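Here is the structure we will look at, set down as structure tokens.
No value in this document is a laboratory result; all are computed from the given coordinates. Predicted model only: the values in this text are computed from it and were never measured. Here Cβ is always computed from backbone atoms with ideal geometry, including for glycine, and neighbour counts include all displayed protein chains.
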Amino acid sequence: MAKHLRKIVQAGWGAIQNGWFRGLFAGGKIYTGPLKHVCVPGMNCYSCPMALGSCPIGAMQSVFDGRRRSFSFYVVGFLSAIALFAGRFVCGWLCLFGLIQELLYKIPTPKLKVPEKADRALRYLKYAVLLILVVALPLIYRGSYGEGVPFFCKYVCPVGTLEGGVPLALMNEGVRATLGGLFYWKLAILILCILASIFIYRPFCKYLCPLGAFYALFQKVSICRLHLDRDACVHCGLCAKACGMNVDPSKKPDSAECIRCGECVHVCPKGALSLGIKASSKASEKQSSS
Amino acid sequence: MKEEHDAAGSKNARPGMRKLLTLILLLLSVAAFIFGIVRGEPKTVYRKGANICMECIGLG
């Protein structure tokens, strides 16, 4: 049960935030109730026919208005508070697109190991996406009618294509009739992400996700964190081997890349790792019992 | 003697400073969140979220 707990939480949360099941039969209409005032903590397109809440990245861009040059205090404050409490815990436990990538990675094929130098360089890409496409351009650029343009949603977001674009195109003839080059561009990005996920563990989260980049900024000061008891650690390397995000928790337990999934905690033979607000005493318990 | 480490593993870290920083940032976040609500930002978020986002679905 404990082994599958994270998958259950991921799927359960995905179902809760996409719990407007009437959307399946609404002919391509979306939920318009009051919950759309609120953002969900993970990536989840608000144009998904079943979405109950708003996407934080889309919402952030919509308030970064080109006309008023306004900053999104509401969304940034909300996301910062979550990040300060849990860091990238949301990525590991509450992101539906993360779960989809993990399931794709389970397809039994030879896996691709991105060369360390390329991997390290590509990890910075998500910060550039956050800074340029989510913050700078929507703040600076004005469309032809003076409107702000959500650059990330428009040109990159595969989550929007998967959860919003494809279902709406299937359900709504009007949407289907207006599909053009931009849709196919975004569809190509989605297909690339899906294919990459079969061979690389969570490639979108590692290299592109602006929300993951935002949460990563707070990783070192978050309240809920990965704790390492260095006295109990025997440097067996099992934790690093178990980590899909290629983090070595015995060296950097609060790495910006850690999604706090807890896999390393499960495999540690000495109980030297724990996830939570306070370090657990598993290590000392194990030591005293042996 | 047991050495002290912060979560990043550096020796002789000052966890008290980190906690203080977390608390200050948390207060700022909550203040920003409330300020955003007072400014009426949730309405902007709603307007965007309650209409099909053409950019998100790839229609421009």
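Quick one: what are the phi-derived ³J(HN,Hα) couplings along the range A:242-251, Karplus 6.51/-1.76/1.60 with θ = phi - 60°, whole Hz, x for glycine and proline?
Taking θ as phi minus 60°, the curve returns 7, 7, x, 8, 6, 9, 9, x, 6, 9 Hz for the range A:242-251.
For the range A:1-66, what log10 I(q)/I(0) values come out of the Debye formula at q = 0.26 1/Å, with one point per alpha carbon and no solvent?
-1.07
Go through A:Thr161, A:Gly42, B:Ser29 and say which Cα lies farthest out towards the positive end of the charge dipole of the protein assembly as shown; charges sit on Cβ, +1 for Lys and Arg, -1 for Asp and Glu.
Checked the options; the winner is B:Ser29.
If you average 1/r across every pair of different Cα atoms in the range A:1-125 and take the reciprocal, what Kirkwood value do you get, in Å?
For the range A:1-125, the Kirkwood estimate is 16.8 Å.
For n ≥ 4 DSSP H runs only, could you compute -39500 (n - 2.57) per run for the protein assembly as shown, divide by its residues and tell me the 222 nm figure to the nearest 500?
Calculated mean residue ellipticity at 222 nm is -13000 deg cm²/dmol.
Rank by packing, highest mean first: peptides B:41-53, A:106-118, with packing defined as the count of other Cβ atoms within 10 Å averaged across residues.
Those peptides, ordered most packed to least, come out B:41-53, A:106-118.
Over 13 Å, how big is the tail of the calculated P(r) for the range B:15-57, in percent of all Cα pairs?
Percent of Cα pairs beyond 13 Å in the range B:15-57: 66.
Which FRET efficiency value, to the nearest 0.05, is calculated for B:Ile37 and A:Ser70 with the Förster distance at 22 angstrom and r the Cβ-Cβ distance?
Using R0 = 22 Å, I get an efficiency of 0.95.
By average Cβ neighbour count within 10 Å, what is the ranking of A:163-174, A:83-94 from highest down?
Those peptides, ordered most packed to least, come out A:83-94, A:163-174.
For a quick check: with amide H placed at 1.01 Å from N, whose amide H comes under 5 Å from A:Arg225's, ignoring anything fewer than 5 positions away on the same chain?
It is A:Gly276, A:Ile277, by chain and number.
When the expected Rg is taken as 2.2 N^0.38 Å, what fraction or multiple of it is the alpha-carbon Rg of the protein assembly as shown?
Normalised by 2.2 N^0.38 Å, the Cα Rg of the protein assembly as shown equals 1.03.
Over all residues in A:229-239, what is the mean tally of Cβ atoms on other chains that come within 10 Å of each residue's Cβ?
Going residue by residue through A:229-239 and averaging, the value is 1.
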